[in-house]
Amino acid sequence: MTIKNRLILMNFFQFFVWGAWLITIANYWFGTKNWEGTQFGLVFGTMGIASLFMPTLTGIIADRWVNAERLYGILHILYAGVLFSLPQVATPTTFIYVMLLAMCFYMPTISLSNSISYTALKQNSNDVVKDFPPIRVFGTIGFIVAMWITNLTGNKATEYQFYIAGIAALILGLYAFTLPKCKPQRLISENASLSETLGLEAFKLFANYKMALFFIFSMFLGGALQLTNAYGDVFLDEFKHFPKYANSFVVEYSTIIMSISQISETLFILAIPFFLKRFGIKQVMLISMLAWVLRFGLFAFGDPVTGLWMIVMSCIVYGMAFDFFNISGSLFVETNTSAKNRSSAQGLFMMMTNGFGAVLGSFTSGWAIDKYFTKSFSNTTDLAAYLQTEPTNGLMNEFVKGHGVEISADGLFSNPIFMKDWHHIWLTFAAYALIIAIAFALMFKHKHDPKDVQNIGH
């Protein structure tokens, strides 16, 4: 098997073991366990918390003491063990703690997989810019395959989704030990300082203006990614409360609609080499930021009938928004850091995007939505006007009663009904992404030189 095929297999399973449960865990939480929703957001928060320190820590270990492929294998085996234990958890609080442990093992493997791929390709004299994106695209394919396997086997609400992911993670962990050796560089002098010995030199990258800006913008873009992951599916699902959209394709098959985003990823990954060599890293990252503006803006004006094309286009644009920053950003780190702290720097990039960025996006957006974008309705007339229907509409009244709310003879509710103002939520997110894009264009100075892009692969 060629090195490219071996890395394709690694990337496929890297995201398969995540996609098998990430999209369907809500069905297990609410449908099977019947746990309350107040703590569910913390399940996704565990990814951000783990990413605050684990990718950097494991990057340091890979740079200093342990072969990257061995560390990668050990982490996936440990991740598999935790996944196997999840179905035995009986309380939501314990579940969150166990999930945090799982994420501590899984999240650092994302940056490690990049480091292993880059190292293996260079050892075989391959061009990283040209050869890595077609390899990485199989990671997204793995995510899609896992999602559909879980759904089509009827396991989206059962504990078997964790077993599917756990078995695949165990196989990947063992397979990792057969990958090309990625030895620690240990490029430090005998009289090196403690920070150099521990690999903390990667944090000195913040002293470089360009790198500091890059990591700061990585954090803000990480927040944007968290927004779309957290609210995209629930946004589509809540159209069911509008009687004229209740039986639409989007409402019935929201997961299929959202999966267009992952399918789009596979196409835009393949386009990255062309865009990088034609426009350069800064322009590609700027294109990504503008794509986030479109992603949110199209959602703001889309609906399941006349605006269906906007929802579909938003999912297509997602591929550009996600891939162009994450992969070009990873390549930027690769070409702007020295060999001795490259894995540490990749871990730092992961920490800023999936760590601080995810936490920032999750907590800030949750607070803003509750405070500014949640509407309260106390009677049938006002709610009907918002849902674009009549006060006597049967579906609306079922929706109200489904929330345990009684309707008096004059149309008053015994308790208020709360609904999210998605139009203004998405417009606010779009404005957020636009501000980031403008600031990045003005502040981040990076002149494109085609030779720099070519040198990434050598």
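Observations on the structure shown:
- Heavy-atom surface of the range 372-413, accessible at 1.4 Å and reported per residue (Å²): 60 Å²
- Each Lys or Arg adds one and each Asp or Glu takes one away; over the other residues whose Cβ falls under 10 Å from the Cβ of T178, this sums to 0.
- This structure gives Rg and Dmax of the Cα atoms in Å, computed directly, and of (1) 23.1, 84; (2) 22.5, 95; (3) 24.0, 76 that value is listed as (1).
- For the chain, the longest principal axis of the C-alpha atoms and the axis of helix 308-335 are separated by about 20°.
- Residue-averaged [θ]222 nm for the chain, counting only DSSP H segments that reach four residues, each worth -39500 (n - 2.57): -23000 deg cm²/dmol
- Under 13 Å, Cβ to Cβ, from F12 - net charge with Lys/Arg +1 and Asp/Glu -1: +3
- Ordering 125-138, 60-73 by mean Cβ neighbour count within 10 Å, with the highest value first, yields 60-73, 125-138.
- Kirkwood hydrodynamic radius (C-alpha pairs) into Stokes-Einstein, the range 296-454, 20 °C and 1.002 mPa s, D in µm²/s: 108 µm²/s
- Karplus-derived HN-Hα couplings along the range 135-150 (A = 6.51, B = -1.76, C = 1.60, θ = phi - 60°), whole Hz, x at Gly and Pro: 6, 5, 4, 6, x, 5, 4, x, 4, 5, 4, 5, 4, 6, 4, 4
- When the listed pairs K210/K277; K204/K371; K122/K445; K4/K445; K244/K371; K375/K445 are checked against a 31 Å cut-off, the alpha-carbon distance exceeds it for K204/K371; K4/K445; K375/K445.
- 1.4 Å probe accessible area per residue over the range 251-312, in Å²: 40 Å²
- For the range 1-136, the alpha-carbon coordinates run over 53, 29, 22 Å along the three principal axes, in decreasing order.
- Mean Cβ neighbour count within 10 Å, used as a protection proxy, ranking 281-291, 359-369, 395-405 highest first: 281-291, 359-369, 395-405
- Ranked by the mean number of other Cβ atoms within 10 Å per residue, highest first, peptides 295-303, 105-113, 170-178 order as 105-113, 295-303, 170-178.
- Hypothetical label at N34: residues of the range 382-421 whose amide nitrogen lies under 13 Å (7 Å Cα-Cβ projection): none
- Neighbours of V333, meaning other residues whose beta-carbon lies under 12 angstrom from its beta-carbon, give a summed charge of +1 when Lys and Arg score +1 and Asp and Glu score -1.
- The chain, accessible surface, carbon-and-sulfur percent (1.4 angstrom probe): 64 percent
The values are calculated or read from the model by the stated rules, or taken from the named source; none is laboratory data. Since this is a predicted model, take the numbers as computed values, not measurements. Please note: Cβ atoms are built from the backbone with ideal geometry, for glycine as well, and neighbour counts cover all protein chains shown. SASA here: full protein model, heavy atoms, side chains in, ligands and nucleic acids out. Shrake-Rupley method; radii C 1.70, N 1.55, O 1.52, S 1.80 Å.
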